[in-house]
1. With an 8 Å cut-off on Cα pairs and a minimum separation of 6 or more residues, tell me the relative contact order of segment 5-84 in percent.
2. Under a crude label model (7 Å from the Cα following the beta-carbon direction), how far is residue 85 from residue 47 in nanometres?
3. Quote the convex hull volume per residue of segment 5-84, based on C-alpha atoms, as a whole number of Å³.
4. Any chance you could run the full-extension gain for residue 67 through residue 29? It's 0.36 nm times the residue separation minus the Cα-Cα distance, nm to one decimal.
5. Suppose each label sits 7 Å from its Cα in the direction of the beta carbon; what would the residue 9-residue 58 distance come out to in nanometres?
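Just so it is clear, none of the values below were taken in a lab; they were calculated from the coordinates. Every value quoted in this text rests on a predicted model; they were computed, and no experiment measured them. Cβ placement follows ideal geometry from the backbone for every residue including glycine, while neighbour counts extend to all protein chains displayed.
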């Protein structure tokens, strides 16, 4: 059940902004009052993610990463620590073959 999540759209933010600001923090904080399991930051700039946003989310108890980075924007995915700790890391490498599965 993935109903406990919040999506915050950063795609309207201007590239002229050098780093994340208090406005970004004020945009995120009210959405996290319900303490959702997952937070999805749509269209966040890479430099904003690595700025205040990542440290803010860590301070609020979330683990996160940036994915699908294109033209300086990506998707920030954050998972609440108690949920992330339930998943054990897989200790191997996963390969995908281009050939169809013979079975």
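1. On the way: 123 pairs, mean separation 26.8, N = 80.
It comes to 34 percent, rounded to a whole number.
2. 3.6 nm
3. Hull volume over Cα atoms, normalised by residue count, gives 76 Å³.
4. 11.5 nm
5. So the two model labels end up 3.0 nm from each other.
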